[in-house]
Amino acid sequence: MKRQLLLCAILFFTACASLPSHYVELDDQTPLSFDSVLDKIAGKQVIFIGEIHGTASIHLLQSEVIKRLKQRGREVVVALEAFPFSRQKILDKWIEGTLDKYAFQQAYEMSWSIPIEYYEEIFDYAREQHIPLLAINAEDRMIRDVSRNGLRVVPEDFLRKIRYTDCSTDPEYKDLVNKTPHASEFPYFCDAQRLRDSVMASIIAQAVKGDNETVIILAGVMHSAKPAVPRLLKNHGEMTSVVLLPEEFRYFSRKAPDSKVADFIWYE
């Protein structure tokens with residue numbers, strides 16, 4: 001009964017969700033329309049749309065960006081924090097049409113705690129349009145282990161493969177991560193988050209193929225902010241990228257978003 005009530009509430013809020021009304025380019029504080037933002041980001045190889053998980057308007061915005069860029073003729077790939085990289089075959093089978101909706105939902109719920117209804121429109125559209133879905137997250141077990149015991153539990157060849165750079169070498173990143181709730185509870189929290197972000201950056205970089213392809217990243221705001229995954233992408237070569245964050249990012253960073261964390265923000 002509780003599950004049914006929760007589902008009804010989610011469906012109500014997602015059905016009533018609307019696109020944010022206000023967008024700002026942070027470099028010069030220029031207010032823009034949604035269409036103007038699309039014009040500015042359409043040619044980028046990597047687009048980060050930072051999410052506060054389970055926020056209906058944000059997931060609607062993500063869905064609209066995916067659809068509009070696809071309609072403009074871009075080759076789109078959608079990269080998801082919701083799935084660890086080890087479960088890529090689940091996403092492949094979904095897009096191929098060889099996995100039914102119930103089995104896909106079961107697999108999703110094993111990976112991610114946010115109700116699938118928030119992403120359902122994105123998943124259905126990707127399947128309909130044969131848009132590749134990319135699993136980019138690290139394994140939670142590995143991240144938990146590192147947060148408690150440090151990087152010594154991770155094979156050195158894996159760290160080299162993802163081009164890991166130590167958290168202590170990046171004060172801006174360290175400051176951002178230390179503002180994350182529960183950061184003080186784990187002795188190696190920053191190293192663990194850096195590892196997660198490095199895994200994401202490595203997988204995203206491998207997916208960037210050409211100038212007409214855009215990889216759209218659906219990940220939490222703390223991963224999508226410029227000092228996090230976007231900066232680590234640079235360890236893998238030159239590629240064009242842009243960061244969009246909700247104005248509510250200030251609740252995580254404890255200050256108003258500026259051009260050091262994003263290129264564009266939006267608010268209701």
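The values are calculated or read from the model by the stated rules, or taken from the named source; none is laboratory data. Computed from a prediction, not measured in an experiment: that's the story for all the values here. Positions of Cβ are backbone-derived with ideal geometry, glycine not excepted, and every protein chain shown enters the neighbour counts.
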Some residue of segment 113-131 being more than 20 Å from the chain's Cα centre (by Cα) and of a type in the set (A, V, I, L, M): no
Test: residue in segment 89-98 that is among the hydroxyl-bearing types (Ser, Thr, Tyr) and in a helix (DSSP H, G or I): no
Residue match in segment 163-183 (condition: touching a helix residue (DSSP H, G or I) at 6+ places or on another chain (Cβ under 9 Å), surrounded by 17 or more Cβ atoms within 10 Å (Cβ to Cβ), among the aliphatic types (A, V, I, L, M) and modelled with pLDDT of 95 or more): no
Among the candidates ASP197, ASP157, ASP211, residue that is of a type in the set (D, E, K, R), part of a loop (DSSP other than H, G, I, E, B) and at negative phi: ASP211
Meets criteria (modelled with pLDDT of 95 or more, farther than 18 Å from ILE122 by Cβ and not in a loop (DSSP other than H, G, I, E, B)) for ASP27: no
First in segment 198-210 and free of Cβ contacts under 8 Å to residues at least 60 places away in the same chain, second anywhere and of a type in the set (Ser, Thr, Tyr), Cβ under 8 Å, 6 or more apart: SER198/TYR164; SER198/THR165
Some residue of segment 63-84 being under 14 Å from ALA219 (Cβ atoms), surrounded by fewer than 18 Cβ atoms within 10 Å (Cβ to Cβ), at pLDDT 95 or above and of a type outside the set (Ser, Thr, Tyr): no
Residue within segment 246-264 that is under 16 Å from MET200 (Cα atoms) and crowded, with 22+ Cβ neighbours inside 10 Å present: no
Residue list for segment 63-88, filter: in contact with an Asp or Glu (Cβ under 7 Å, 6 or more places away or on another chain) and in a helix (DSSP H, G or I): SER63, SER86
Unique match (being more than 24 Å from ALA135 (Cβ to Cβ) and not in a helix (DSSP H, G or I)) among LYS179, LYS174: LYS179
Meets criteria (in a loop (DSSP other than H, G, I, E, B), modelled with pLDDT of 95 or more and β-branched (Val, Ile, Thr)) for ILE114: yes
